[in-house]
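Comments concern the structure below.
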Amino acid sequence: MGVCVAVVSVAAPSEARVRDVVKAYVALTKPRVIELLLVSTIPAMFLAAGGLPPWQLILVTLVGGFLAAGSANTFNCVLDADIDEIMRRTRRRPVPRHQVSTRAALVFAVVLGIAATLILGFGANWLSALLALAANAFYVFIYTMWLKRRTWQNTIWGGIAGCFPPLIGWTAVTGSVALAPLILFAIVFLWTPPHTWALAFRYKDDYAAAKVPMLPVVRPAPKVANQIVIYTVATVAVSLALWPLAPTGPLYPIVAVVLGAVFIWEAVQLWRRAHSGLEGAQLKAMRLFHWSNTYLALLFLAVAIDPLIF
């Protein structure tokens with residue numbers, strides 16, 4: 001009896017350590033960020049197929065896309081460890097907490113990137129694999145290593161990396177690029193600045209402490225709000241262009257108009273609060289941030305459902 005108790009007591013901490021290690025490596029990939037990326041991948045596949053693509057292809061593309069994005073995010077965690085350690089929002093990530101060593105994280109990132117390339121290349125096609133690799137490289141070398149610490153336009157141009165999933169999903173089905181996925185690419189590109197700047201309002205002091213020149217750090221709130229409205233309107237306008245230029249039925253434009261109206265309304269309300277002199281929590285910028293997530297998810301859901309109905 002005593003032996004059994006001893007074995008259990010030794011095994012339990014060991015299992016807990018394994019779980020902690022697994023959780024730490026999963027956290028390096030930033031799963032919540034990847035969820036948003038995959039939201040724009042699957043609908044593009046449905047639109048490309050004019051209905052339901054083969055489930056095997058969907059699975060391969062999702063796994064490959066997840067690993068590719070996880071690789072880029074892990075590289076980002078390593079390169080931005082000094083920033084993450086300063087910011088409240090990120091200081092509990094695995095590298096700042098020394099749950100995973102820098103070397104181990106780099107090896108993990110490389111392995112994920114290689115696995116993603118091979119899975120997409122052999123499971124879908126090499127164009128999709130190349131696009132995923134390009135997105136990974138852009139996020140690491142252009143955004144993380146160059147733009148993020150140097151210019152307030154980091155979000156605008158760095159956001160290009162997050163626009164690749166619709167292209168990857170489309171090319172996985174068709175093997176080529178067309179106008180429709182480029183419009184989806186443009187939607188995500190224009191959507192990214194207002195989405196990110198709204199969040200940056202919330203963590204303005206953190207970004208300032210970490211010396212990251214996010215727009216709300218280097219410009220007054222009214223100027224930021226002006227840019228948010230401009231990009232929001234542009235996002236909605238481009239989203240409406242998908243209807244006449246891509247094979248969509250009447251469901252998509254109706255959803256795009258309704259969602260776009262709410263998105264613009266929220267952006268304008270933020271603009272009004274900023275121009276009335278409100279700052280900090282009084283701006284209620286997180287309302288726009290959360291709605292922007294809902295907007296993109298529901299818009300791309302309409303992209304996926306439309307070809308199944310019409």
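The values are calculated or read from the model by the stated rules, or taken from the named source; none is laboratory data. On a predicted model such as this, the values are computed, not experimentally measured, just so you know. Because the Cβ atoms are built from the backbone with ideal geometry, glycine has one as well, and the counts that use them run over all protein chains shown. Please note that ligands, DNA and RNA were not included when accessible areas were found on the heavy atoms of the full protein model with its side chains. Shrake-Rupley method; radii C 1.70, N 1.55, O 1.52, S 1.80 Å.
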Practice item. Keeping the other protein chains in place, figure out the carbon and sulfur percent of the accessible area of the chain, with a 1.4 Å probe. Key: 69
Practice item. At 7 Å along the Cα-to-beta-carbon direction for both Asp205 and Arg91, put a label point, then send me their distance in nm to one decimal. Key: 1.2
Practice item. Would you mind getting the accessible area per residue of the stretch 137-179, heavy atoms of the protein chains only, 1.4 Å probe, in Å²? Key: 41
Review point. So how many Lys-Lys pairs in the chain land under 19 Å Cα to Cα, not counting same-chain pairs under 8 apart?
Key: 6
Revision key, fill the gap. Taking only C-alpha positions in the chain, Rg and Dmax in angstrom work out to 21.1, 75
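Given contacts defined as C-alpha pairs under 8 Å and at least six residues apart, what's the relative contact order of the stretch 25-175, whole-number percent? Could the numbers behind the result be given before it?
Numbers: 213 pairs, mean separation 50.8, N = 151.
Across the stretch 25-175, relative contact order equals 34 percent.
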Revision key, fill the gap. Ignoring ligands and nucleic acids, His195 exposes an accessible area, probe 1.4 Å, in Å² to the nearest 10, of 20
Point to revise | Among Pro53, Pro94, Pro216: highest mean-square fluctuation, GNM of the chain, C-alpha pairs under 10 Å | key: Pro53
Review point. Mean residue ellipticity at 222 nm from the helices of the chain, using -39,500 (n - 2.57) per DSSP H segment of n ≥ 4 over the full residue count, to the nearest 500 deg cm²/dmol?
Key: -25000 deg cm²/dmol
Revision key, fill the gap. Rh_Kirkwood(the stretch 159-310) over Cα pairs, Å, one decimal, evaluates to 16.2
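Using only alpha carbon pairs under 8 Å that are at least six residues apart, calculate the relative contact order of the chain and give it in whole percent. Spell out each step's value before the answer.
Details: 455 pairs, mean separation 63.9, N = 310.
Relative contact order, the chain: 21 percent.
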Review point. Length gain on complete extension for the stretch Ala261 to Ala281, per 0.36 nm per residue less the alpha carbon to alpha carbon distance?
Key: 4.8 nm
Practice item. State, to one decimal in nm, how far the label point of His98 lies from the label point of Leu130, with both points 7 Å from Cα in the Cβ direction. Key: 4.5
